[in-house]
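The values are calculated or read from the model by the stated rules, or taken from the named source; none is laboratory data. Everything numeric here is computed off the predicted structure, so don't read it as measured data. All Cβ positions, glycine included, derive from the backbone under ideal geometry; neighbour counts span all protein chains shown. Accessible surface areas use protein heavy atoms only, side chains included; no ligands, DNA or RNA. Shrake-Rupley method; radii C 1.70, N 1.55, O 1.52, S 1.80 Å.
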Amino acid sequence: MTTKIALNNDCINTLDLSPATTVIENILEEGAIASHEQQIQFELNYEREENDPRELSEIPEVRLWFIRLDARYPWLPFLLNWKEGEFVRYTSMLLPHQFSSKEGIQYNPEALEIFLMHKLFILTDWLKQQGIPFQSRIQSMAKLLGYELDDALFDMFANK
């Protein structure tokens, strides 16, 4: 079941994370984080001028809100609804990118590699702490961003 977090101009412009923290903290308090895997979706109601051609991920205020959220919950991709494109949209809020009418979103390649490795380390450690198997989840996350992760990479985590 998808849980939607509604965001508007007020919370974004004031960097108010409470719409998200309320939902996330309730999930953490329940103590059953695994049962909420891939269920969060953001509903962005960010009003802008009618002639503003920018995508939401190109608006500095929106991006800054997501950067702050990621700083608070760096493991949040685990909870995002990947099937509805929420992880890819979340990534676009955090990384430099361009839009192509033929190829869709184009991330800065170096930034994408750094982001992916950063999330790999964070999520691997966090999932291990939660007692949740991590390898297939991390590999699936990487595939969404166009990467194949070799099983040998995860061998390094086996004893860590």
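Figures for the structure shown
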read-out	value
E43/F99 FRET efficiency (R0 25 Å; Cβ-Cβ; nearest 0.05)	0.75
Label-point gap, in nm, between E148 and F121 - each point 7 angstrom along Cα→Cβ	2.6 nm
Cα-centred dipole magnitude for the chain, charges only on beta-carbon of K, R (+1) and D, E (-1), debye, nearest 20	340 debye
Heavy-atom accessible surface of region 67-160: percent carbon and sulfur, 1.4 Å	52 percent
CD proxy at 222 nm, helix term only [per DSSP H run n ≥ 4: -39500 (n - 2.57); per residue of the chain; nearest 500]	-14500 deg cm²/dmol
Exposure rule at most 13 other beta-carbon atoms within 10 Å, DSSP loop GluC sites (Glu not before Pro): the chain longest free segment	56-102
Reference-scaled alpha-carbon Rg (2.2 N^0.38 Å with N residues) for region 119-160	1.08
Accessible surface, region 1-84, averaged per residue in Å² (probe 1.4 Å)	56 Å²
Rounded percent of accessible protein surface that carbon and sulfur make up, region 1-57, 1.4 Å probe	43 percent
Segment A111-L28, length gained on full extension (0.36 nm per residue, minus Cα span)	26.9 nm
Candidates per chymotrypsin sites (Phe, Trp or Tyr not before Pro) in region 48-147, loop by DSSP, up to 14 other Cβ within 10 Å	Y147
F42 long-range amide H proximity, modeled H, under 5 Å	I5
Max mean-square fluctuation residue, GNM over the chain, Cα-Cα springs under 10 Å, options T124, T91, T21	T21
For region 136-154 and region 1-35, distance of Cα centres in Å	27 Å
